[in-house]
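Just below is one structure, and these are the notes that go with it.
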Amino acid sequence: MVLSVFKSGDELFNQGVDLVKRKEYVKAKKNFERTIEKGGREAALARAYVDLIDACLDKNSAGRYTKLAATLERMNDGFEFGLTEIEPVRLALECKLLAERIETGNMQAKNPAQLEEKGNKLLDIARRYQSMIGNDAITISEIVGVPVNTGIKEALYIQAQGYENLASGAVMADPKRAAELLQNAYACYKQLGEGGQTTLNTINAYSRSVKCWICGRPSTGEGVHFLAMPSDISPFMRKSDDDILKSAPADYNSIYVCRPCYTGISRRSDEIAKMYHERAMQEMRAMEARLQAQISSMTAMAAMRR
Ligand SMILES: [Zn+2]
(Lines give C-alpha, C1' and ligand atoms only; values in the text may rest on other atoms or scores of the structure.)
Protein backbone atom coordinates (compact mmCIF):
# COMPACT_ATOMS: atom_id res chain seq x y z
CA MET A 1 0.00 0.00 0.00
CA VAL A 2 3.08 2.29 -0.17
CA LEU A 3 1.90 3.48 -3.55
CA SER A 4 -1.37 4.78 -2.12
CA VAL A 5 0.50 7.79 -0.72
CA PHE A 6 0.94 9.01 -4.28
CA LYS A 7 -2.62 8.39 -5.40
CA SER A 8 -4.22 11.30 -7.22
CA GLY A 9 -7.55 12.74 -6.18
CA ASP A 10 -9.25 10.97 -9.09
CA GLU A 11 -7.79 7.59 -8.16
CA LEU A 12 -8.92 8.05 -4.56
CA PHE A 13 -12.35 9.02 -5.81
CA ASN A 14 -12.73 5.94 -8.04
CA GLN A 15 -11.59 3.69 -5.23
CA GLY A 16 -14.16 5.39 -2.95
CA VAL A 17 -16.93 4.69 -5.46
CA ASP A 18 -15.98 0.99 -5.40
CA LEU A 19 -15.94 0.97 -1.60
CA VAL A 20 -19.47 2.45 -1.57
CA LYS A 21 -20.63 -0.38 -3.85
CA ARG A 22 -19.29 -2.79 -1.23
CA LYS A 23 -21.01 -0.70 1.48
CA GLU A 24 -17.65 0.01 3.16
CA TYR A 25 -18.78 3.50 4.05
CA VAL A 26 -16.23 4.46 6.69
CA LYS A 27 -13.28 3.66 4.40
CA ALA A 28 -15.02 5.26 1.41
CA LYS A 29 -15.59 8.46 3.36
CA LYS A 30 -11.84 8.80 4.02
CA ASN A 31 -11.17 8.47 0.31
CA PHE A 32 -13.69 11.15 -0.56
CA GLU A 33 -12.36 13.49 2.12
CA ARG A 34 -8.85 13.13 0.69
CA THR A 35 -10.24 13.71 -2.81
CA ILE A 36 -11.67 17.02 -1.57
CA GLU A 37 -8.32 17.95 0.06
CA LYS A 38 -6.41 17.21 -3.13
CA GLY A 39 -8.98 19.08 -5.22
CA GLY A 40 -9.43 16.32 -7.81
CA ARG A 41 -11.73 16.72 -10.80
CA GLU A 42 -14.50 15.04 -8.84
CA ALA A 43 -14.14 17.10 -5.65
CA ALA A 44 -17.72 18.45 -5.84
CA LEU A 45 -19.14 14.97 -6.31
CA ALA A 46 -16.94 13.70 -3.47
CA ARG A 47 -18.63 16.29 -1.19
CA ALA A 48 -22.03 14.78 -2.06
CA TYR A 49 -20.69 11.28 -1.39
CA VAL A 50 -19.39 12.35 2.04
CA ASP A 51 -22.79 13.82 2.97
CA LEU A 52 -24.60 10.72 1.67
CA ILE A 53 -22.34 8.46 3.73
CA ASP A 54 -22.89 10.65 6.82
CA ALA A 55 -26.64 10.15 6.36
CA CYS A 56 -26.17 6.37 5.99
CA LEU A 57 -24.08 6.22 9.18
CA ASP A 58 -26.46 8.40 11.22
CA LYS A 59 -29.84 7.82 9.63
CA ASN A 60 -31.99 9.33 12.40
CA SER A 61 -30.32 12.71 12.43
CA ALA A 62 -32.32 15.52 10.81
CA GLY A 63 -29.18 17.67 10.52
CA ARG A 64 -27.46 15.13 8.23
CA TYR A 65 -30.36 15.28 5.76
CA THR A 66 -30.54 19.07 5.84
CA LYS A 67 -26.81 19.26 5.01
CA LEU A 68 -27.14 16.65 2.27
CA ALA A 69 -30.09 18.55 0.75
CA ALA A 70 -28.05 21.77 0.61
CA THR A 71 -25.14 19.96 -1.14
CA LEU A 72 -27.46 18.27 -3.64
CA GLU A 73 -29.19 21.55 -4.48
CA ARG A 74 -25.86 22.88 -5.77
CA MET A 75 -25.52 19.96 -8.22
CA ASN A 76 -26.96 19.64 -11.70
CA ASP A 77 -26.05 16.19 -13.00
CA GLY A 78 -27.28 12.84 -11.80
CA PHE A 79 -24.87 10.25 -10.44
CA GLU A 80 -24.83 6.82 -8.87
CA PHE A 81 -24.43 5.97 -5.21
CA GLY A 82 -23.80 2.26 -4.91
CA LEU A 83 -26.57 0.81 -7.04
CA THR A 84 -28.94 3.74 -6.65
CA GLU A 85 -29.43 6.29 -9.41
CA ILE A 86 -29.50 9.77 -7.92
CA GLU A 87 -31.37 12.78 -9.26
CA PRO A 88 -30.02 15.63 -7.10
CA VAL A 89 -33.12 17.89 -7.18
CA ARG A 90 -35.49 15.08 -6.33
CA LEU A 91 -33.27 13.61 -3.61
CA ALA A 92 -32.82 17.08 -2.09
CA LEU A 93 -36.62 17.37 -1.81
CA GLU A 94 -36.86 13.96 -0.11
CA CYS A 95 -34.08 14.89 2.33
CA LYS A 96 -35.77 18.17 3.28
CA LEU A 97 -39.09 16.41 3.89
CA LEU A 98 -37.37 13.70 5.90
CA ALA A 99 -35.44 16.21 8.03
CA GLU A 100 -38.68 18.06 8.79
CA ARG A 101 -40.40 14.80 9.62
CA ILE A 102 -37.65 13.74 12.05
CA GLU A 103 -37.58 17.18 13.71
CA THR A 104 -41.37 17.20 14.11
CA GLY A 105 -41.37 13.60 15.33
CA ASN A 106 -38.83 14.58 18.02
CA MET A 107 -40.87 17.59 19.19
CA GLN A 108 -41.64 17.36 22.91
CA ALA A 109 -45.42 17.72 23.06
CA LYS A 110 -46.97 17.43 26.51
CA ASN A 111 -49.79 19.95 26.83
CA PRO A 112 -52.82 20.14 24.47
CA ALA A 113 -51.51 23.20 22.58
CA GLN A 114 -48.16 21.49 21.86
CA LEU A 115 -49.86 18.25 20.82
CA GLU A 116 -52.16 20.15 18.47
CA GLU A 117 -49.21 21.99 16.93
CA LYS A 118 -47.26 18.74 16.44
CA GLY A 119 -50.31 16.96 14.98
CA ASN A 120 -51.01 19.76 12.48
CA LYS A 121 -47.35 19.90 11.44
CA LEU A 122 -47.36 16.15 10.77
CA LEU A 123 -50.55 16.44 8.69
CA ASP A 124 -48.91 19.20 6.68
CA ILE A 125 -45.80 17.07 6.04
CA ALA A 126 -48.03 14.13 5.06
CA ARG A 127 -49.83 16.32 2.50
CA ARG A 128 -46.48 17.24 0.94
CA TYR A 129 -45.34 13.60 0.75
CA GLN A 130 -48.61 12.88 -1.03
CA SER A 131 -48.48 15.76 -3.51
CA MET A 132 -44.72 16.05 -4.14
CA ILE A 133 -43.69 12.37 -4.16
CA GLY A 134 -47.00 10.62 -4.81
CA ASN A 135 -46.74 7.11 -6.16
CA ASP A 136 -42.95 7.22 -6.62
CA ALA A 137 -40.70 5.22 -4.33
CA ILE A 138 -38.65 7.15 -1.78
CA THR A 139 -35.01 6.94 -2.86
CA ILE A 140 -33.42 8.12 0.36
CA SER A 141 -34.93 5.13 2.21
CA GLU A 142 -33.17 2.79 -0.23
CA ILE A 143 -29.88 4.65 0.24
CA VAL A 144 -29.84 4.63 4.06
CA GLY A 145 -31.30 1.13 4.22
CA VAL A 146 -34.79 1.52 5.70
CA PRO A 147 -37.97 -0.03 4.20
CA VAL A 148 -38.78 1.71 0.91
CA ASN A 149 -42.32 3.11 0.60
CA THR A 150 -44.05 5.25 -1.96
CA GLY A 151 -44.80 8.87 -1.07
CA ILE A 152 -48.50 7.98 -0.69
CA LYS A 153 -47.79 5.13 1.72
CA GLU A 154 -45.38 7.22 3.79
CA ALA A 155 -47.99 10.01 3.85
CA LEU A 156 -50.54 7.62 5.37
CA TYR A 157 -48.18 6.69 8.22
CA ILE A 158 -47.40 10.34 8.94
CA GLN A 159 -51.09 11.27 8.70
CA ALA A 160 -52.01 8.56 11.23
CA GLN A 161 -49.34 9.91 13.60
CA GLY A 162 -50.67 13.44 13.07
CA TYR A 163 -54.23 12.44 13.99
CA GLU A 164 -52.98 10.54 17.04
CA ASN A 165 -51.23 13.66 18.30
CA LEU A 166 -54.32 15.79 17.66
CA ALA A 167 -56.45 13.22 19.53
CA SER A 168 -54.08 13.24 22.53
CA GLY A 169 -54.32 17.03 22.53
CA ALA A 170 -58.14 17.01 22.37
CA VAL A 171 -59.01 14.23 24.79
CA MET A 172 -58.84 16.27 28.01
CA ALA A 173 -61.36 18.82 26.79
CA ASP A 174 -63.45 16.73 24.37
CA PRO A 175 -63.17 12.90 24.35
CA LYS A 176 -65.80 12.53 21.59
CA ARG A 177 -63.74 14.72 19.28
CA ALA A 178 -60.59 12.79 20.23
CA ALA A 179 -62.37 9.54 19.24
CA GLU A 180 -63.34 11.10 15.88
CA LEU A 181 -59.74 12.15 15.24
CA LEU A 182 -58.58 8.63 16.04
CA GLN A 183 -61.14 7.27 13.55
CA ASN A 184 -59.14 9.14 10.89
CA ALA A 185 -55.91 7.54 12.13
CA TYR A 186 -57.61 4.14 12.08
CA ALA A 187 -58.72 4.72 8.46
CA CYS A 188 -55.07 5.39 7.53
CA TYR A 189 -53.93 2.11 9.13
CA LYS A 190 -56.72 0.24 7.31
CA GLN A 191 -55.57 1.70 3.97
CA LEU A 192 -52.04 0.57 4.81
CA GLY A 193 -53.40 -2.94 5.39
CA GLU A 194 -52.59 -2.85 9.10
CA GLY A 195 -54.91 -3.97 11.90
CA GLY A 196 -54.78 -0.76 13.92
CA GLN A 197 -56.09 -2.68 16.93
CA THR A 198 -54.43 -0.38 19.50
CA THR A 199 -56.08 2.62 17.86
CA LEU A 200 -59.44 0.85 17.79
CA ASN A 201 -59.15 -0.01 21.50
CA THR A 202 -58.42 3.63 22.30
CA ILE A 203 -61.40 4.78 20.18
CA ASN A 204 -63.65 2.42 22.14
CA ALA A 205 -62.25 3.63 25.46
CA TYR A 206 -62.64 7.32 24.53
CA SER A 207 -66.23 6.71 23.34
CA ARG A 208 -67.39 4.77 26.41
CA SER A 209 -69.78 6.57 28.77
CA VAL A 210 -70.60 5.58 32.35
CA LYS A 211 -71.99 7.05 35.55
CA CYS A 212 -69.69 7.60 38.51
CA TRP A 213 -70.37 5.24 41.40
CA ILE A 214 -69.55 7.90 43.93
CA CYS A 215 -71.14 11.13 42.70
CA GLY A 216 -73.52 9.74 40.06
CA ARG A 217 -72.34 12.16 37.34
CA PRO A 218 -72.12 10.87 33.76
CA SER A 219 -68.64 10.74 32.23
CA THR A 220 -67.15 9.81 28.85
CA GLY A 221 -63.60 8.60 28.09
CA GLU A 222 -62.31 5.56 29.95
CA GLY A 223 -58.84 5.94 31.41
CA VAL A 224 -59.03 9.72 31.07
CA HIS A 225 -62.29 11.11 32.46
CA PHE A 226 -63.29 8.05 34.44
CA LEU A 227 -61.27 5.14 35.79
CA ALA A 228 -61.91 1.64 37.08
CA MET A 229 -61.23 1.41 40.83
CA PRO A 230 -60.85 -2.09 42.36
CA SER A 231 -63.92 -2.95 44.45
CA ASP A 232 -66.28 -5.78 45.18
CA ILE A 233 -69.84 -5.62 43.87
CA SER A 234 -71.68 -8.24 45.91
CA PRO A 235 -74.25 -10.57 44.22
CA PHE A 236 -77.02 -8.77 46.10
CA MET A 237 -75.94 -5.41 44.66
CA ARG A 238 -75.70 -6.88 41.18
CA LYS A 239 -79.43 -7.55 41.20
CA SER A 240 -80.42 -3.89 41.38
CA ASP A 241 -81.51 -2.28 38.18
CA ASP A 242 -80.11 1.22 38.24
CA ASP A 243 -78.04 3.10 35.66
CA ILE A 244 -74.98 3.09 37.84
CA LEU A 245 -74.89 -0.67 38.10
CA LYS A 246 -75.22 -0.89 34.33
CA SER A 247 -71.98 1.02 34.09
CA ALA A 248 -69.92 -1.52 36.03
CA PRO A 249 -67.23 -3.65 34.39
CA ALA A 250 -68.58 -7.08 33.39
CA ASP A 251 -66.49 -8.92 36.00
CA TYR A 252 -67.88 -6.78 38.91
CA ASN A 253 -64.34 -6.50 40.28
CA SER A 254 -64.23 -2.74 40.06
CA ILE A 255 -66.43 0.32 39.99
CA TYR A 256 -66.16 3.25 37.61
CA VAL A 257 -65.27 6.51 39.25
CA CYS A 258 -65.09 9.91 37.57
CA ARG A 259 -61.74 11.64 37.47
CA PRO A 260 -62.56 14.34 40.09
CA CYS A 261 -63.80 11.71 42.59
CA TYR A 262 -60.90 9.40 41.79
CA THR A 263 -58.19 12.06 42.16
CA GLY A 264 -59.92 13.46 45.27
CA ILE A 265 -59.84 10.05 46.97
CA SER A 266 -56.29 9.27 45.83
CA ARG A 267 -54.86 12.58 47.01
CA ARG A 268 -56.61 12.52 50.37
CA SER A 269 -55.53 8.91 51.03
CA ASP A 270 -51.97 9.83 50.03
CA GLU A 271 -52.04 12.66 52.59
CA ILE A 272 -53.35 10.32 55.31
CA ALA A 273 -50.76 7.64 54.45
CA LYS A 274 -48.02 10.27 54.55
CA MET A 275 -49.20 11.53 57.95
CA TYR A 276 -49.12 7.99 59.43
CA HIS A 277 -45.72 7.33 57.88
CA GLU A 278 -44.28 10.49 59.44
CA ARG A 279 -45.79 9.69 62.82
CA ALA A 280 -44.34 6.14 62.73
CA MET A 281 -40.91 7.47 61.71
CA GLN A 282 -40.97 10.00 64.57
CA GLU A 283 -41.78 7.26 67.09
CA MET A 284 -39.02 5.04 65.70
CA ARG A 285 -36.47 7.83 66.02
CA ALA A 286 -37.55 8.47 69.65
CA MET A 287 -37.24 4.76 70.44
CA GLU A 288 -33.81 4.63 68.81
CA ALA A 289 -32.67 7.58 70.97
CA ARG A 290 -33.95 5.89 74.16
CA LEU A 291 -32.16 2.64 73.29
CA GLN A 292 -28.97 4.52 72.44
CA ALA A 293 -29.08 6.26 75.85
CA GLN A 294 -29.56 2.91 77.64
CA ILE A 295 -26.65 1.34 75.75
CA SER A 296 -24.38 4.29 76.66
CA SER A 297 -25.22 4.11 80.36
CA MET A 298 -24.71 0.30 80.43
CA THR A 299 -21.34 0.70 78.70
CA ALA A 300 -20.32 3.32 81.26
CA MET A 301 -21.36 1.03 84.14
CA ALA A 302 -19.43 -1.90 82.70
CA ALA A 303 -16.32 0.29 82.34
CA MET A 304 -16.50 1.34 86.03
CA ARG A 305 -16.66 -2.29 87.19
CA ARG A 306 -13.44 -3.26 85.40
ZN1 LIG B 1 -67.70 11.16 40.63
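The values are calculated or read from the model by the stated rules, or taken from the named source; none is laboratory data. Here the structure is a predicted model, which is why all the values come from computation and not from measurement. Cβ sites come from the backbone with ideal geometry, for glycine too, and all protein chains shown count toward neighbours. Note: areas computed on protein heavy atoms with side chains; ligands, DNA, RNA excluded. Shrake-Rupley method; radii C 1.70, N 1.55, O 1.52, S 1.80 Å.
Check cross-link reach from residue 7 to the lysines: straight Cα distance under 28 Å, and skip same-chain residues fewer than eight apart.
Leaving aside lysines fewer than 8 places away in the same chain, those within reach of residue 7 are 21, 23, 27, 29, 30, 38.
Using a 1.4 Å probe, what is the accessible area per residue for region 204-268, in Å²? Could the numbers behind the result be given before it?
Working: 3940 Å² over 65 residues.
Accessible surface, normalised per residue, equals 61 Å².
Hey, can you find the accessible area per residue of region 35-118 for me, probe 1.4 Å, expressed in square angstrom? Before the final figure, lay out each step's value.
Working: 4470 Å² over 84 residues.
Per residue, region 35-118 has 53 Å² of solvent-accessible surface.
Tell me, Kirkwood radius of region 70-180 from alpha-carbon pair distances, in Å? Display every interim value, and only then the final one.
Numbers: mean 1/r = 0.0659 Å⁻¹.
After inverting the pairwise mean of 1/r, the radius is 15.2 Å.
Considering every Cα-Cα pair within region 125-205, what fraction, in whole percent, is farther apart than 22 Å? Before the final figure, lay out the partial values.
On the way: 1035 of 3240 pairs.
In whole percent, the long-distance tail amounts to 32.
Where the Cα atoms of region 54-94 are projected onto their three principal axes, how long is each span, largest first, in whole Å?
On the principal axes, region 54-94 reaches 26, 21, 13 Å in Cα extent.
How big is the charge dipole of region 164-306 about its Cα centre, in debye rounded to the nearest 20, if each Lys and Arg gets +1 on its Cβ and each Asp and Glu gets -1 on its Cβ? Before the final figure, lay out each step's value.
Values: 18 positive and 15 negative charges, 133 e Å.
In total the dipole reaches around 640 debye.
Kindly count the pairs of lysines across region 133-244 whose alpha carbons are less than 28 Å apart, treating pairs on different chains or eight or more residues apart as eligible. Mind dumping the intermediate values first?
On the way: 153/176; 153/190; 176/190; 176/211; 211/239.
Here the count comes out as 5.
Would you mind getting me the FRET efficiency between residue 217 and residue 124? Use the beta-carbon distance for r and R0 = 51 Å, nearest 0.05.
Numbers: r = 39 Å, r/R0 = 0.76.
Working from the Cβ atoms, E equals 0.85.
Considering only the other residues whose Cβ falls under 15 Å of the Cβ of residue 50, what net charge follows from Lys and Arg at +1 and Asp and Glu at -1? Spell out each step's value before the answer.
On the way: positive: 27, 29, 30, 34, 38, 47, 64, 67, 74; negative: 24, 33, 37, 42, 51, 54, 58.
Counting the neighbours of residue 50, the net charge comes to +2.
Of all the Cα-Cα pairs you can form in region 1-112, what percent are over 21 Å apart? It would help to have the intermediate numbers written out before the result.
Values: 2482 of 6216 pairs.
For region 1-112, the fraction of Cα-Cα distances above 21 Å is 40 percent.
Run the numbers for residue 279 and residue 265: contour at 0.36 nm per residue of separation, minus the present Cα-Cα distance, in nm.
On the way: separation 14, 0.36 × 14 = 5.04 nm, distance 2.12 nm.
Here the answer is 2.9 nm.
In the chain, which whole DSSP H runs stretch at least 20 Å along their own axis (Cα) and average 0.5 or higher on the Kyte-Doolittle scale? Provide the component values of the computation, followed by the final result.
On the way: long enough: 43-57 (21 Å, 1.25); 88-105 (25 Å, 0.22); 112-128 (24 Å, -0.99); 151-170 (28 Å, -0.11); 175-191 (24 Å, -0.78); 259-305 (68 Å, -0.60).
Those that clear 20 Å and a mean of 0.5 are 43-57.
What is the sum of charges, Lys and Arg at +1 and Asp and Glu at -1, for the other residues whose Cβ falls under 15 Å from the Cβ of residue 120?
On the way: positive: 101, 118, 121, 127, 128, 177; negative: 100, 103, 116, 117, 124, 164.
Every neighbour counted, the sum reads 0.
What spacing in nm lies between the two simple spin-label points modelled at residue 303 and residue 14, each 7 Å away from Cα in the Cβ direction?
So the two model labels end up 9.2 nm from each other.
I'd like the carbon and sulfur percentage of the solvent accessible area for the chain, probe radius 1.4 Å, heavy atoms only, ligands and nucleic acids excluded. Present the calculation step by step, with values, prior to reporting the outcome.
On the way: 9810 of 18440 Å².
The computed percentage sits at 53.
Among 237, 281, 172, whose mean-square fluctuation peaks in a Gaussian network model of the chain (Cα, cutoff 10 Å)?
Ranking 237, 281, 172 by mean-square fluctuation puts 281 first.
Give me the tail of P(r) for the chain as a percent: Cα-Cα pairs with distance above 38 Å.
Values: 22508 of 46665 pairs.
Percent of Cα pairs beyond 38 Å in the chain: 48.
Just the Cα atoms of region 160-306: what Rg and Dmax do they give in Å?
Here Rg and the maximum Cα pair distance are 27.0, 92 Å.
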